[in-house]
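Reading through the structure tokens given below for one structure.
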Amino acid sequence: MTTRPPEVSVVIPAFNEAGSILPLVEKIAAVMGALARPYEIIVVDDGSTDGTGERVEGKIGVIGGLRLLTLQVNSGKSAALSIGFRECRGTAAVLTLDADLQDDPDEIPGMLEQLAGGYDLVSGWKRRRRDPWTKRFPSRIFNVVTSWVTGIQLHDFNCGFKAYRREVVGSLDLHGELHRYVPVLARRLGWRVGEREVVHHPRLHGKSKFGSSRFVNGFLDLLLVMFLSGRHRSPLHVFGRFGVLFLSVGMALNVYMAGIWVVEQKLRVRPLLLFGVILVIVGIQFITMGLLAEMIAGLQQPRDVPIYRKLPKEEAQP
């Protein structure tokens with residue numbers, strides 16, 4: 001007897017969420033069962049130390065379509081999502097939810113409905129976010145800045161609740177902490193990106209895994225996304241624009257100082273002269289970096305991925 005392949009994959013990255021993972025999985029299974037579409041639920045245990053993976057493993061075969069992927073070490077949300085996208089078997093759509101029970105599985109039918117309405121990626125919008133202000137305020141600043149820099153009008157770039165067409169997840173290259181910028185990366189590749197307001201619940205178990213370092217990392221990743229968004233112009237074009245700007249200003253200052261030398265027949269060391277020389281050097285360095293980046297891009301190899309294992313005990317959804 002052959003079983004139908006899953007149409008929908010639900011990918012859940014989890015790190016030390018032992019208190020919430022099973023209630024979440026059970027609720028997802030109930031919602032997906034009511035939709036009467038073949039599905040699978042993939043929990044990516046991101047090196048948990050609190051027994052999250054063991055709890056999921058104990059329910060394989062009990063909850064239909066449940067699978068577990070275990071990363072040997074904690075590798076971050078982007079790596080966990082990347083592994084989940086690689087291993088998912090859904091033929092039509094892929095959903096992602098955070099493992100903390102703050103995303104509501106009852107929103108899944110609406111997300112799939114909007115995805116079927118012509119979008120390639122639907123991102124959740126936690127309009128009424130049930131988190132402390134220490135998370136809400138920085139997130140609001142992050143969303144405003146990201147929207148302004150990228151030109152993509154979304155309210156909540158970093159919402160973990162998203163729905164993708166199957167083809168979209170195969171085109172994304174997630175590493176570092178680029179999970180925050182999935183809508184930007186998708187739009188860059190030409191996919192149609194939409195947004196849907198979703199219910200957000202207070203955290204009942206565990207604690208947030210993102211500390212103050214996310215601000216620095218988020219800023220650096222934003223610079224990376226800005227660079228990636230311009231890759232169609234090649235690295236030399238991106239770095240070269242800055243290089244030509246600095247070089248032009250530096251040369252103009254130096255020509256001006258040379259004119260003073262011709263008129264006055266003497267030239268003392270002035271700050272403006274030093275500034276012009278520095279700009280010329282910086283401009284040359286930027287152009288050189290662009291050339292080196294072109295060489296590296298031409299020799300780029302596939303990225304290393306974290307070591308992970310798949311359990312042999314997996315039961316397909318009947």
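A single member of VAL168, VAL184 is among the aliphatic types (A, V, I, L, M), within 18 Å of ASN143 (Cβ to Cβ), touching a strand residue (DSSP E or B) at 6+ places or on another chain (Cβ under 9 Å) and modelled with pLDDT of 75 or more, and it is VAL184.
Reported count of residues in the stretch 178-199, each being in a loop (DSSP other than H, G, I, E, B) and either among the small types (Gly, Ala, Ser) or surrounded by fewer than 20 Cβ atoms within 10 Å (Cβ to Cβ) (or both), is 5.
Listed by first and then second residue, the pairs with beta-carbon distance under 9 Å, at least 6 apart or on different chains, first residue in the stretch 169-182 and over 16 Å from VAL122 (Cβ atoms) and in the same structural domain as VAL122 (by TED's automatic domain parsing), second part of a loop (DSSP other than H, G, I, E, B) and among the basic types (Lys, Arg), are ASP173/ARG303; HIS175/ARG303. Looking at the stretch 2-12, is at least one residue among the polar types (S, T, N, Q) and more than 24 Å from the chain's Cα centre (by Cα)? Scanning the stretch 2-12, I find at least one residue that is among the polar types (S, T, N, Q) and more than 24 Å from the chain's Cα centre (by Cα), so the answer is yes.
Here's the yes/no breakdown for (1) of a type in the set (Ser, Thr, Tyr); (2) modelled with pLDDT of 90 or more; (3) surrounded by 21 or more Cβ atoms within 10 Å (Cβ to Cβ); (4) in the same structural domain as VAL44 (by TED's automatic domain parsing):
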residue: GLN102; (1), (2), (3), (4): no, yes, yes, yes
residue: ASP106; (1), (2), (3), (4): no, yes, no, yes
residue: GLY110; (1), (2), (3), (4): no, yes, no, yes
residue: LEU121; (1), (2), (3), (4): no, yes, yes, yes
residue: PRO132; (1), (2), (3), (4): no, no, no, yes
residue: ASN143; (1), (2), (3), (4): no, no, no, yes
residue: GLY151; (1), (2), (3), (4): no, no, no, yes
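Candidates are the residues of the stretch 153-164 that are touching a Lys or Arg at 6+ places or on another chain (Cβ under 9 Å) and either part of a helix (DSSP H, G or I) or not acidic (Asp, Glu) (or both); the one that is surrounded by the most Cβ atoms within 10 Å (Cβ to Cβ) is ALA163.
Of all residues in the stretch 183-209, those that are out of contact with any Ser or Thr (no Cβ under 9 Å at 6 or more places or on another chain) and either touching a residue at least 24 places away in the same chain (Cβ under 8 Å) or not assigned by TED's automatic domain parsing to the domain that holds PRO132 (or both) total 9. Take the conditions (1) over 25 Å from the mean Cα position of the chain (by Cα); (2) at pLDDT 85 or above; VAL193 misses just one of them, which is (1). The single residue among GLY47, GLY33, GLY61 that is surrounded by fewer than 16 Cβ atoms within 10 Å (Cβ to Cβ) and on the phi > 0 side of the Ramachandran plot turns out to be GLY61.
The values are calculated or read from the model by the stated rules, or taken from the named source; none is laboratory data. As the structure is a computational prediction, the values presented were derived from the model and not from experiment. All Cβ positions, glycine included, derive from the backbone under ideal geometry; neighbour counts span all protein chains shown.
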